[in-house]
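The values are calculated or read from the model by the stated rules, or taken from the named source; none is laboratory data. No experiment lies behind these values; they were computed from the predicted model shown. Here the Cβ is made from the backbone with ideal geometry for all residues, glycine too, and neighbour counts use every protein chain on show. Ligands, DNA and RNA are excluded from the accessible area calculation, which covers all protein heavy atoms including side chains. Shrake-Rupley method; radii C 1.70, N 1.55, O 1.52, S 1.80 Å.
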Amino acid sequence: MPAELACFEERCRARYPITEVIYNCPRCGGLLEAVYGKPAQPAEELKTLWRARRGSNAPLDQSGVWRYREFLPFLSEYQGVVTLREGNTPLLEARQAARYGGLERLVFKHQGFNPTGSFKDNGMTCGVAQALRLGMTRVACVSTGNTSASMAAYSSAAGLQPVVFIPHGNIAYGKLAQALEYGARTLQVEANFDQILALVRQLAERIGIYLLNSMNPFRIEGQKTIMLEMMDQRDWRVPDWVVLPGGNLGNTSAFGKALREMRDLGLIGRLPRLAVIQAEGAAPFYDLLRAPDRSRLIAVEHPQTLATAIRIGDPVSWPKALYEVTCSGGVVEKVTEQEIADAKAIIGRCGIGCEPASAATLAGIRKLTAAGTIARDADVVAVLTGNVLKDPDYIYRYHTGALEAPDGTRIMPNFGNSPKVVPNDADLIAGLLSQ
Ligand code: F0G
């Protein structure tokens, strides 16, 4: 079966050619996904092939996305693919974080090691490859920061013109700086993420720009490789839990799809459970899972969190994410600003570090182990989605006791590490350091 786009809605499942420029099902408005027939090779052969490619110097094989191309065969040829060697992110064991989270052992899959410092690169190399294949010249996204940084880099590298739309005053400086440096035309809109997404969807059609937000199914295909690479690195031993932050819920959708497809192809024997963690002030998915009627998500009109990456009140991919959390026997938890900030400092103390949204994972784990949902001896992988340097302002404020939650309450620097100003005096400094 050739690659096709299919409507995700069970009652519709309409199919479209893989090269149609659509973001939602023209028939029912549902989300779209890429679907394929089974790869020609059996599971064991694929595992051997993918492992062997790690030793290759071919750019495509060096990519932690395209190395697994049999798992996302939406292109008919690979000549135009632009790779910045995305993926290839490590699994890092963190003892102090495990203790803090109430676990015997905890491993982070750190997507902040990507070329632009977030998991968006896994998806963007695919989204941009599709844009090139479709003959597009301009691409656009709405972003809380990381998508814009990634899209700016990949589209510029591919010779496409990037246009990014970001909520004015509500993205971390590291991310804004990247969009500028990578040459994106950058529009800071005076509205929140959800409002801008509605605006840009209208604009895309009107001025013929290709949209690279995560409802773009090719982005989701690329993000599947985060789970594939994780399993490859674990020699295909399935963890009990995969914990990740939830914003627009593209990653939750991608991880779930990847895990189901791996199971269906016989690459793994069972599914790990997904635990999605949201910030308390932007937790519509958490609310949905507890609502009597799960057929409609009630948006949070004014989402608030210092973890700006996940400051989203109306997540586009919620139907897919709901399906994946349900299929995996997963859970959704929410955490406070203080919990995120403290968890982030602990991840920092492990010598690992991450941006605020990523730290929601450890804060969520702590809550879920305390409640007995995750067992102390469970095999847990938490996905850190963004690099520590994305939001240095947050870090400085936390450690110096100057961080305030959106409602004005002060975040306590429970694990603070404030710098000290000292005179240029050796005796004094020696005295200070001997204490
Ligand atoms: N973590 C980070 C660092 C992110 O940048 C995002 C999303 C998420 C988690 C949430 O992932 O949307 O797949 O549930 N950032 C998007 C952006 C929205 O525009 O960069 P999700």
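Data for the structure
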item	result
Residue tally, condition within 13 Å of the ligand (Cβ to nearest atom) and not β-branched (Val, Ile, Thr), over region 228-250	7
Considering residues of region 380-425 that are part of a loop (DSSP other than H, G, I, E, B) and within 16 Å of the ligand (Cβ to nearest atom) only, the residue nearest to Ile171 (Cα to Cα)	Asp391
Close pairs (8 angstrom Cβ cut-off, 6 or more residues apart or separate chains): at positive phi in region 312-333, open to solvent by 10 Å² or more (accessible area, probe 1.4 Å) and modelled with pLDDT of 95 or more anywhere	Gly329/Leu271; Gly329/Arg273
Spans of helices (runs of 4 or more DSSP H) in region 251-350 with at least 3 residues more than 16 Å from the ligand (Cβ to nearest atom)	337-349
Top-ranked residue of region 17-49 - restricted to ones that are assigned to a strand (DSSP E or B) and open to solvent by 30 Å² or more (accessible area, probe 1.4 Å), ranked as nearest to Gly123 (Cα to Cα)	Asn24
Where a residue in region 350-366 is of a type in the set (Val, Ile, Thr) and its partner, wherever it lies, is within 9 Å of the ligand (Cβ to nearest atom) and modelled with pLDDT of 95 or more, with Cβ under 8 Å and at least six apart	Ile352/Leu384; Thr361/Leu244; Thr361/Pro245; Thr361/Val383; Thr361/Leu384
Residue under evaluation Ala52, criteria (1) buried (at least 18 other Cβ atoms within 10 Å of the Cβ); (2) under 22 Å from Asn122 (Cβ atoms); (3) small (Gly, Ala, Ser), criterion not met	(1)
Condition met for Ile312 (within 30 Å of Ala375 (Cβ to Cβ), open to solvent by less than 40 Å² (accessible area, probe 1.4 Å) and touching a helix residue (DSSP H, G or I) at 6+ places or on another chain (Cβ under 6 Å))	no
Filter result for Gly112 (part of a helix (DSSP H, G or I) and farther than 30 Å from Asp240 by Cβ)	no
Region 83-109: number of residues that are assigned to a helix (DSSP H, G or I) and open to solvent by 20 Å² or more (accessible area, probe 1.4 Å)	4
Test set (1) open to solvent by 60 Å² or more (accessible area, probe 1.4 Å); (2) in a strand (DSSP E or B) - Val164 fails condition number	(1)
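Here is a yes/no grid of residues against (1) assigned to a helix (DSSP H, G or I); (2) crowded, with 24+ Cβ neighbours inside 10 Å:
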site: Thr125; (1), (2): yes, yes
site: Ala131; (1), (2): yes, yes
site: Met136; (1), (2): no, no
site: Val139; (1), (2): no, yes
site: Thr147; (1), (2): yes, yes
